[in-house]
1. If you build a Gaussian network model of the chain, linking Cα atoms that sit under 10 Å apart, which residue out of Ser19, Ser166, Ser96 swings the most?
2. Arg181 to Ala138: extension gain in nm, 0.36 nm per residue of separation minus the Cα-Cα distance?
3. Quick one: pull the percent of accessible area on the chain belonging to carbon and sulfur, 1.4 Å probe, ligands and nucleic acids left out.
4. In nm, give the distance between the simple-model label positions of Glu226 and His266, each being 7 Å from the Cα along the Cα-to-Cβ direction.
5. So if I take the centroid of the Cα atoms in the range 197-243 and the same for the range 86-163, what is the distance between those two points in Å?
6. So, with +1 on the Cβ of K and R and -1 on the Cβ of D and E, and no other charges, what is the size of the charge dipole of the chain about its Cα centre, to the nearest 20 debye?
7. Relative contact order, percent, of the range 41-188 when contacts are C-alpha pairs under 8 Å separated by at least 6 residues?
8. Once label points are set 7 Å from the Cα along Cα→Cβ at both Ile74 and Thr47, what is their separation, rounded to one decimal in nm?
Amino acid sequence: MGGSRTVTLEQVARHAGVSPSTVSRILNGTAVVSDDKKQAVQEAIRTLGFVPNPVARGLAGGRTLSIGVVTQAIDSPFYGAALRGIEDTLGAAGYSPLFVSGHWRADEEARCIEVLRARRVDGLIVLTGRLSDAALRALARQLPVVVTGRTLKAPGLAALDFDNPSGARLATEHLLALGHRRIAFIGGDPLHPDAREREAGFRAAFAQAGLAVDPALVEEGGYHEEGGRQAIERLLGAGRRFTAVFAANDQMAFGAALALHRRGLHVPRQVSLVGFDDLASAQYSIPPLTTVHQPVMDLGHAAAAAMLALLGGERPPLALPAPRLVVRESTAPPA
């Protein structure tokens, strides 16, 4: 026998006794027709096994029903949760996300955006990244843009930014309240705005307490597990004394915990440890990690909702939940 036969919209129309344009409008949700006609079309679709083509439907309305999403590392546990939130919200509205990775390089992000625009996406969601504000504003003059990790205003653009300084202050204040004064800080890539903001929050908590940050206890970990491990190794190798560590994301905290373990230092009996993000795995680490909760999946939901609002000509919702500290078993008063 031959291959499967593709059922066309015209065949559905003939079977239902209506015009092809009526079927198209019913599929797009824009038809003003009787319930009998709607039921006839739905019955024809079921009987013939018609599968609507979302691209064709979108093009009929001037859209492709697809949204380009530029992440930085598609395999990241942080960005993975955000992508899930975007996918869920866009899918419920009939849109499909197209995911690409910029790998924290402005030139690669720009290339990804050109690829997505060539596919005629209806809008772009950029998760943080290194494109300049000017580039994003220019892009928003051509199609709707939602960007996270920025405070930016422009026509056709919505920006969502988490309160990183407050979150870092919460983490640092927790350690100070426990009695720690020799607190090591492992920061992210200083080219990331959120990395600079988290370090600023760490320093602000010290200043508010009337204390000085020891620059010898500040290290960079690049937001990766290996970076956190190496930062602790550098501190211990240089003979630095500390009773607590605040890592600016959970991934670096996991690496720091491994380095402390290999050096025979118990968390939290000898060194307290705090992270940032509250990844799903934080509660299952040994010991469970005290961390700042950032609602990553909510960020994805919010970015997608903002995009849908822009596409609908509405004012996008831009509020994100405030940071909160989740205290687990990785912190205790200094011995």
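1. Ser19
2. 10.8 nm
3. Of all accessible area on the chain, carbon and sulfur atoms account for 53 percent.
4. 3.2 nm
5. Cα centres, the range 197-243 to the range 86-163: 32 Å.
6. 260 debye
7. 18 percent
8. Label-label distance for Ile74 and Thr47, simple model: 4.2 nm.
The values are calculated or read from the model by the stated rules, or taken from the named source; none is laboratory data. Note that the coordinates shown come from a computational prediction; the quantities given were computed from them, not determined experimentally. Backbone-built Cβ (ideal geometry, glycine too); neighbour counts: all protein chains shown. The protein model used for the area step is the full one, side chains on, heavy atoms only, and it has no ligands, DNA or RNA in it. Shrake-Rupley method; radii C 1.70, N 1.55, O 1.52, S 1.80 Å.
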